[in-house]
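S.K.: Could you have a look at this structure, given as structure tokens, before my questions?
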Amino acid sequence: MVRSLTRTKDWMKVVGAVVVVSLLAACGGGGGGSGSSQSGNAPAPNVPNSVAVTVDQGVSRFANIPTVSVTVCAPGTSTCQTIDHVLLDTKSFGLRLVAASLGSLASSLPGLPSGSGQLAQCTIFADGFTWGTIRTADVKIGGEQASGIPIQMVGDLPVATTPAQNCTDRTANSENTASDLGANGILGVGVAPIDCGAACAAPISAANPSTYFTCPAGTATNNCQRASAPVAQQVANPVARFASNNNGLVIQLPTVPDGGTASATGTLTFGVNTQANNTLPSSVTTFATDPAGDLDNSSFNGVNGVSAFFDTGSNGLFFTDGSLAQCGSEAPQFYCPATTQTRSATLKGQNSTSATVSFQVANADSLFNSGNFAFSNLAGQNGSATSLDLGLPFFYGRTVYQGLDLTSTGGNAPFIGF
């Protein structure tokens with residue numbers, strides 16, 4: 001997901017998980033990419049199923065934005081563009097690229113028909129939305145490729161076409177540019193293989209959660225209409241469509257000091273138990289999740305039935321705790337305790353596996369004023385006592401395994417392990 005709580009200075013941003021239609025995976029850029037790597041991106045590991053993950057100042061100087069490079073090609077051709085600084089998001093599903101980052105390639109990616117027009121989507125995040133058409137592309141990440149999959153091209157439609165129902169009536173915050181999003185796009189690699197499923201393929205009704213739309217070609221006015229989207233046309237998780245190493249992924253990030261660091265580089269490895277470099281050790285505790293990747297029976301701050309989730313797309317740890325001092329007007333949605341505090345939660349999977357994890361909460365103002373961009377102890381409020389967002393800080397110093405939900409094709413059930 002992608003949640004953005006803006007700090008009024010320094011362009012720091014809290015990014016969280018995407019709320020994607022029926023899966024309801026809670027939380028929430030483009031124009032900065034030109035197809036060549038920007039300075040600060042480390043070279044990809046020399047392993048076909050791995051790619052470098054970089055946390056640095058990125059395209060908009062937002063804290064804790066983990067990014068990868070993604071190559072997109074017109075289907076079946078060698079007409080390609082490599083997009084750097086694409087947000088790695090383990091709580092949304094599918095690739096969404098800001099149109100400006102694609103340059104001339106944008107016109108080579110075919111759209112998908114819908115009714116008498118083209119298929120578009122308003123993807124709802126906790127902090128805003130992305131609006132744009134659905135295109136078909138070959139997607140390459142490291143040495144893996146997903147051929148001919150639907151992706152969202154963000155910001156390629158006139159602002160006037162942005163729909164109200166199931167879009168701006170949920171959130172008014174548009175995130176259709178790199179500066180708004182803090183990245184050149186979003187690579188959603190959560191546990192779901194597509195971003196909605198059968199619910200969005202059903203006929204449109206009040207019960208249908210679809211945020212897909214059919215838009216007449218060439219329209220410059222708001223006459224896009226909600227539409228059902230066949231499963232084959234819905235934005236797809238690229239990992240599930242790889243030819244191999246397609247059952248999950250492994251994220252490894254280094255430990256960072258208490259005061260943060262200017263940048264951090266880790267590794268995203270595709271597949272679980274498919275290669276020597278993604279073997280799941282017996283010492284790792286695995287938790288069965290629901291289809292959206294949540295652990296709904298967890299406990300935190302004396303509250304049971306907490307929905308805990310693991311979200312690299314959230315640049316902080318987000319939870320409700322009235323005992324923690326909040327920051328001032330420059331960062332009102334972050335916590336600013338006088339001294340660093342420790343909190344713990346009991347995580348419980350659907351397979352009854354449980355474990356207690358601890359994390360620290362530092363003064364966000366002090367972190368932001370350090371000039372660093374990678375923090376393991378940045379935290380803020382999320383407004384719900386029954387939600388625990390274990391964002392990017394949770395991943396530092398850990399190797400986290402994630403299994404995709406492939407039960408519909410006889411594969412593994414979704415899980416998280418660390």
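S.K.: Divide the volume of the convex hull of the Cα atoms of the stretch 115-199 by its number of residues and quote the answer in cubic angstrom per residue.
M.R.: Numbers: hull volume 11.6 nm³, N = 85.
Hull volume over Cα atoms, normalised by residue count, gives 136 Å³.
S.K.: In terms of modelled amide H atoms, which long-range or inter-chain residues lie less than 5 Å from the amide H of Thr279?
M.R.: Asn273
S.K.: If I model a spin label at Thr77 and Asn301 as a point 7 Å from the Cα along the Cα→Cβ vector, what separation in nanometres do I get?
M.R.: Modelled inter-label distance: 5.2 nm.
S.K.: Could I ask something else about it? Can you give me the pair-distance distribution of the chain, C-alpha pairs, 20 Å bins, whole percents?
M.R.: P(r) for the chain, in whole percents per bin: 30, 61, 10.
S.K.: Starting from the Cα-Cα distance between Ala198 and Thr255, subtract it from 0.36 nm times their residue separation and give me the gain in nm to one decimal.
M.R.: 16.5 nm
S.K.: What number does the stretch 199-321 give for Rg over Rh if you use C-alpha atoms and the Kirkwood radius?
M.R.: 1.06
S.K.: Just to check I understand the Karplus step: with θ = phi - 60° and J = 6.51 cos²θ - 1.76 cosθ + 1.60, what whole-Hz values come out for the stretch 72-79, glycine and proline as x?
M.R.: 10, 10, 4, x, x, 10, 9, 7
S.K.: For the peptides 190-197, 249-256, 132-139, 89-96, what is the packing order when you average, over each peptide's residues, the other Cβ atoms within 10 Å and list the highest mean first?
M.R.: 89-96, 190-197, 132-139, 249-256
S.K.: I need the phi-derived Karplus couplings for the stretch 126-132: 6.51 cos²θ - 1.76 cosθ + 1.60, θ = phi - 60°, integer Hz, Gly and Pro marked x.
M.R.: 5, 10, x, 9, 10, 10, x
S.K.: Another question, then. Starting from the Kirkwood Rh over alpha-carbon pairs, what translational D in µm² s⁻¹ does the stretch 184-266 have by Stokes-Einstein at 25 °C and 0.890 mPa s?
M.R.: It diffuses with D of about 150 µm²/s by this estimate.
S.K.: Here's another thing I want to ask about it. Could you list log10 I(q)/I(0) for the stretch 255-308 at q = 0.22 Å⁻¹, which the Debye formula gives when each Cα is one point scatterer?
M.R.: Debye output, listed in q order: -0.96.
S.K.: So what's the back-of-envelope 222 nm ellipticity for the chain, counting only DSSP H runs of four-plus at -39500 (n - 2.57) apiece and dividing by all residues, rounded to 500?
M.R.: Details: 5 runs with 22 residues, N = 418.
That comes out to -1000 deg cm²/dmol.
Rule-based calculations on the coordinates, nothing more; no lab input. Note that this is a predicted model, so its numbers are computed, not measured. With ideal geometry, Cβ positions are generated from the backbone for all residues, glycine too; neighbour counts draw on all protein chains shown.
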